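J.: Attaching a single structure in structure tokens format; questions to follow.
Coordinate-derived values only; no laboratory data. Note that the coordinates shown come from a computational prediction; the quantities given were computed from them, not determined experimentally. Here the Cβ positions follow ideal geometry from the backbone for every residue, glycine too, while neighbour counts run over all protein chains shown.
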Amino acid sequence: MRVYSAVYIAGLRRYSTYRAATLAGILTNSVFGCINAAVLLALFSVRPLINGYDAADAVTQVFVCQALVATVAILGPPLDLGERIRSGAVGTDLLRPVPLLGWWLAEDMGRATFSIVFRGVPTLLIGTVLFDLLLPGTAGHWAAVLASVALAAVIGFALRYLYELAGFWILDTRGIWAVVGLVGPVAAGVLLPLPLFPPGVADVLRALPWASMIQIPAEITLGKESLPGGSAAGGLALQAGWAAALLLLGARLTSAATRKVVVQGG
Amino acid sequence: MTSAHSDDAVIEAVGLGRDFVLSEGPLFRRRRRTVAAVRGIDLTVRAGEVVGYLGPNGAGKSSTMKMLTGILTPTSGSLRVLGMEPARERTRLASHIGVVFGQRTTLWWDLPLKDSLELTRHMYRVPAADHARRLAELTGLLELGPFLATPVRQLSLGQRMRGDLTAALLHGPRLLVLDEPTIGLDVVSKATIREFLLRLNAEEGTTILLTTHDLGDVERLCDRVVVIDHGSLAYDGDLAGLRAAVPVPRVLVVDLAEPSPPLEVAGARFVRAEGPRQWLELEDNPSAVIARVAAGNEIADLTLREPDIEGVVAALYRGAEPRPA
């Protein structure tokens with residue numbers, strides 16, 4: 001286990017070297033948050049309640065989303081793994097006495113930790129200064145949000161790991177990103193909070209893994225009854241299920257890939 | 001052979017082969033073609049040997065290296081490295097070998113070199129005291145001191161290579177596999193790395209297998225040379241034996257007093273001329289040829305060139321060329 005914590009810390013330190021990018025990221029997230037919030041406020045001024053969401057719920061989700069979006073990396077960046085598969089550098093990754101999935105998970109959690117603390121928290125703080133957000137009032141509620149964010153980061157990793165792992169078979173994963181870069185943000189509730197979709201559509205999307213990265217953490221923050229089982233526990237269970245299933249699939253495909261597939265390049 | 005177990009086979013390959021299936025032709029009419037990258041290789045490397053694995057591009061060197069380290073599964077034959085089956089026991093084998101690919105790095109690009117080296121301690125579960133001792137040793141030998149705190153992306157190629165070598169050796173592997181370890185390095189960096197490898201082999205008995213296109217590496221380092229061509233072994237033995245197996249004639253370089261028409265001398269064949277300088281391939285005893293040239297011409301200077309290993313290997317490749325690829 002020591003090796004994973006060492007890789008986690010190395011990942012954290014690696015991203016901490018990108019200071020200007022972090023500041024630019026906070027600015028981008030805040031500006032997008034303001035624009036989205038303004039649009040939704042205009043909508044809710046016409047219809048004050050849509051499928052259980054009011055204006056404050058929607059604006060809160062917008063800023064939870066902006067705080068989380070870089071951490072779960074739903075819009076990228078892809079894991080370096082894809083480029084390493086394409087160039088054959090993954091060969092050196094496979095020469096370590098450490099399983100590939102665990103190594104990349106540890107590194108990405110280091111990145112996610114840096115991102116949530118130094119990009120997510122400031123973005124949310126800017127949101128609370130500019131708008132009235134509905135944030136949790138108790139320590140227990142905050143703990144549930146924190147757990148949800150952690151699970152969202154694991155799901156974000158597992159999905160990107162699977163996208164890139166496909167590179168062992170199809171070589172270039174940019175096509176996958178072209179599709180998931182469009183579908184992912186819609187299905188996750190980045191583009192619009194899912195309650196703004198027709199209820200049947202929203203229910204289907206809520207059950208898919210992308211919703212577990214943004215929509216479910218937002219609903220846990222808001223304490224919504226639309227969560228699976230009507231409570232935070234149900235939402236966390238759904239997220240944990242996706243995290244486990246996707247990691248398991250990743251592990252299976254990793255061993256299939258390394259057994260059958262050719263490492264590129266001389 | 002400084003190792004107490006010098007009879008131990010570190011690498012044992014019997015009939016080792018790897019095929020690749022290529023799809024070619026237009027979509028919907030693709031045909032599959034099987035290409036053998038490596039075929040029927042028998043190779044035994046014993047503890048303490050330094051073996052140069054040579055061959056032209058595409059000969060099957062890298063495929064062999066990948067099979068030895070477990071990242072490519074052989075399609076035929078059997079292979080054991082340190083008693084393990086590499087493809088099946090890749091992760092376990094990785095703890096006992098060190099690998100450096102000259103064109104790749106295992107170091108973390110954005111972090112100081114010492115961070116990557118510290119990480120290897122956890123990766124290979126080396127006790128902290130052993131790690132510190134060995135790191136101090138390698139830092140001294142490879143002169144890492146001045147750039148240990150520098151982010152890897154700012155290192156020169158020579159510095160990075162020394163860092164990569166250190167990362168591959170901190171856990172004290174019994175076998176070191178090097179894929180073009182001196183590629184792109186200047187003369188001084190090459191010399192540093194060669195001296196270091198020789199010392200590692202002499203003092204710790206580390207077995208070294210290296211591929212290279214730099215024949216200086218081979219001449220300086222390898223007591224055994226294995227040449228692969230079109231996927232099969234073309235030669236396995238020492239350097240002197242390789243030179244004997246593929247006789248490449250010695251060349252006499254004659255500087256005449258003034259430019260002259262090509263010399264015609266018994267026992268030598270004219271190769272080319274450049275002003276007053278002429279190159280003659282010797283078929284006979286050099287002293288006899290020199291005497292004959294001197295008899296009819298005024299000689300300003302003379303040099304006798306021994307064939308270098310580059311010429312020998314090239315001749316070996318050419319000899320194998322007529323076989324279908």
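J.: Per residue of the stretch A:136-151, in order, report the coupling 6.51 cos²θ - 1.76 cosθ + 1.60 (Karplus, θ = phi - 60°) as ³J(HN,Hα) in whole Hz, putting x for Gly and Pro.
T.: For the stretch A:136-151, the Karplus curve yields x, x, 10, 4, x, 5, 4, 4, 5, 5, 4, 4, 5, 5, 4, 5 Hz.
J.: While we're here: Extent of the stretch B:9-244 along each principal axis, from alpha carbon coordinates, in Å, largest to smallest?
T.: Principal-axis extents of the stretch B:9-244 (Cα, largest first): 56, 49, 35 Å.
J.: Calculate, axis by axis, the spread of Cα positions in chain A along the three principal axes, and write the results as whole Å, longest axis first.
T.: 63, 39, 33
J.: Expected output is a single nm value to one decimal: the length gained when fully extending between B:K114 and B:R269, i.e. 0.36 nm times separation in residues minus the C-alpha distance. What is it?
T.: Working: separation 155, 0.36 × 155 = 55.80 nm, distance 5.82 nm.
Working it through step by step, the gained length comes to 50.0 nm.
J.: Label-point separation (nm) for A:E83 and A:D203, each offset 7 Å from Cα along Cα-to-Cβ?
T.: Reported label-point gap for A:E83 and A:D203 is 4.4 nm.
J.: Right, something else. Taking 7 Å along the Cα-to-C-beta vector as the label spot, tell me the B:T91-B:E306 distance in nanometres, rounded to one decimal.
T.: 5.0
J.: How high is the FRET efficiency from A:A20 to A:N51, r the C-beta distance, R0 41 Å, rounded to 0.05?
T.: Numbers: r = 41 Å, r/R0 = 0.99.
For R0 = 41 Å, the calculated efficiency reads 0.50.
J.: A further question on this structure: Which of the peptides A:30-43, B:133-146 is most tightly packed, and how do the rest follow, judged by the mean count of other Cβ atoms within 10 Å per residue?
T.: Numbers: A:30-43: 16.6, B:133-146: 14.9.
Result, highest mean Cβ count within 10 Å first: A:30-43, B:133-146.
J.: Is the shape of the stretch B:80-154 rounded, prolate or oblate, going by the alpha carbon gyration tensor and its root eigenvalues a ≥ b ≥ c, with a/c under 1.5 for rounded and a/b larger than b/c for prolate? Working shown, then result.
T.: On the way: a/c = 2.22, a/b = 1.60, b/c = 1.38.
Since a/c reaches 1.5 and a/b is larger than b/c, the shape of the stretch B:80-154 is classed as prolate.
J.: Hey, what did the stretch A:71-177 get for relative contact order, percent, Cα under 8 Å, at least 6 apart? Please report the intermediate quantities before stating the final value.
T.: Numbers: 56 pairs, mean separation 57.8, N = 107.
Result for the stretch A:71-177 is 54 percent.
J.: Sticking with this one: When a footprinting reagent is the concern and you count Cβ atoms within 10 Å, what order do A:W169, A:W210, B:W108 take, fewest first?
T.: Numbers: A:W169 13, A:W210 25, B:W108 20.
Least crowded to most crowded, the residues run A:W169, B:W108, A:W210.
J.: Lys/Arg Cβ at +1, Asp/Glu Cβ at -1, dipole of the protein assembly as shown taken about the Cα centre: which of A:G181, B:V81, B:L27 is farthest positive-ward?
T.: The residue sitting farthest along the positive end of the dipole is A:G181.
J.: Over 17 Å apart: what share of the alpha carbon pairs of the stretch A:23-84 falls there, rounded to a whole percent?
T.: On the way: 933 of 1891 pairs.
Summing the P(r) of the stretch A:23-84 above 17 Å gives 49 percent of all pairs.
J.: Of all DSSP beta bridges in the protein assembly as shown, what percent run antiparallel (nearest 5)?
T.: On the way: 42 of 61 bridges.
Counting only bridges with both partners in the protein assembly as shown, antiparallel ones make up about 70 percent.
J.: Can I ask one more? With +1 on the Cβ of every Lys and Arg and -1 on the Cβ of every Asp and Glu, and nothing else charged, how large is the dipole of the protein assembly as shown about its Cα centre, in debye rounded to the nearest 20? Spell out each step's value before the answer.
T.: Numbers: 55 positive and 55 negative charges, 363 e Å.
Once rounded to the nearest 20, the dipole reads 1740 debye.
J.: If you don't mind, another one. How many Cβ atoms of partner chains, on average, are near each residue of A:88-94 if near means within 10 Å of its Cβ?
T.: Working: counts 6, 5, 2, 10, 10, 3, 8.
Per residue, the average neighbour count from other chains is 6.
J.: Separate question: Could you tell me the calculated FRET efficiency between B:V35 and A:R2, based on Cβ-Cβ distance and R0 = 56 angstrom, to the nearest 0.05?
T.: Numbers: r = 43 Å, r/R0 = 0.78.
After rounding to 0.05, the efficiency reads 0.80.
J.: Counting only DSSP beta bridges with both residues in chain B, tell me the antiparallel percent, nearest 5.
T.: Values: 41 of 59 bridges.
Bridges in chain B are about 70 percent antiparallel.
J.: Could you give the C-alpha radius of gyration of the stretch B:171-246 expressed as a fraction of 2.2 N^0.38 Å, taking N as the number of residues it contains? Mind showing how you got there, number by number?
T.: Values: Rg = 13.2 Å, N = 76, 2.2 N^0.38 = 11.4 Å.
It is 1.16.
J.: Oh, and also: Amide H neighbours of A:L134 under 5 Å, counting only residues 5+ apart in sequence or on other chains, H built in-plane at 1.01 Å?
T.: A:T60
J.: Ordered by packing density, taken as the mean number of other Cβ atoms within 10 Å over each peptide's residues, highest first, how do A:65-72, B:199-206, A:139-146 rank?
T.: Details: A:65-72: 27.2, B:199-206: 16.1, A:139-146: 14.1.
In decreasing order of mean packing, A:65-72, B:199-206, A:139-146 become A:65-72, B:199-206, A:139-146.
J.: Given a Förster distance of 51 Å, report the FRET efficiency between B:A257 and B:E143 from their Cβ-Cβ distance, rounded to the nearest 0.05.
T.: Numbers: r = 50 Å, r/R0 = 0.98.
E between B:A257 and B:E143, to the nearest 0.05, is 0.55.
J.: Can you work out ³J(HN,Hα) from phi for every residue in the stretch B:221-235, in order, using Karplus 6.51 cos²θ - 1.76 cosθ + 1.60 and θ = phi - 60°, giving whole Hz and x for Gly and Pro?
T.: My calculation for the stretch B:221-235 gives 10, 9, 8, 9, 10, 10, 10, 10, 8, 6, x, 10, 5, 9, 7 Hz in order.
J.: At q = 0.05, 0.08 Å⁻¹, what base-10 log of I(q)/I(0) does the Debye formula yield for the protein assembly as shown when every alpha carbon is treated as an equal point scatterer in vacuo?
T.: Reported log10 I(q)/I(0), two decimals: -0.33, -0.71.
J.: Using only the Cα atoms, what convex hull volume per residue in Å³ does the stretch B:249-306 have?
T.: On the way: hull volume 3.9 nm³, N = 58.
Dividing the Cα hull volume of the stretch B:249-306 by its residue count gives 67 Å³.
J.: For the stretch B:192-201, in order, what is each residue's ³J(HN,Hα) by Karplus, 6.51 cos²θ - 1.76 cosθ + 1.60 with θ = phi - 60°, in whole Hz (x at glycine and Pro)?
T.: Each residue of the stretch B:192-201 in turn: 4, 5, 5, 4, 4, 5, 4, 5, 4, 5 Hz.
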